[in-house]
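Q: Next up is a structure, given as structure tokens.
Values quoted throughout were computed directly from the atomic coordinates according to the rules given, and no laboratory measurement underlies them. Every value quoted in this text rests on a predicted model; they were computed, and no experiment measured them. Cβ: placed from backbone, ideal geometry, glycine included. Neighbour counts: every protein chain shown.
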Amino acid sequence: MGNITPRLLSVEEAARYVGLSRSAFLGSVANSVPPLRLGTRRVTWDRVALDRWIDAQSGISTPGTQKEINPLDALL
């Protein structure tokens, strides 16, 4: 059985995921991609939101250009 990549990442994991130090991540990315707070102590970042931020930074896509696909539309 293969490894499962978690969707929610700690600050250390999120920083490593985007290729920055913890302090650089908190100083830049964390201001643009809000964390998800789980309970009173756990703060995590959504890997998909980080991917979208990276896409926007690199010019692959800009916020609002990706249209959500309604599954019912695919049936029509």
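Q: Work out from phi, with θ = phi - 60° and the Karplus expression 6.51 cos²θ - 1.76 cosθ + 1.60, the ³J(HN,Hα) of each residue of region 9-15, listed in order in whole Hz, and give x for Gly and Pro.
A: Computed from phi, the couplings for region 9-15 are 10, 5, 4, 5, 5, 5, 4 Hz.
Q: Can you pull out the trypsin sites (Lys or Arg not before Pro) in region 31-62 that DSSP calls coil and that have at most 13 other Cβ atoms within 10 Å?
A: Loop-located and lightly packed - 41.
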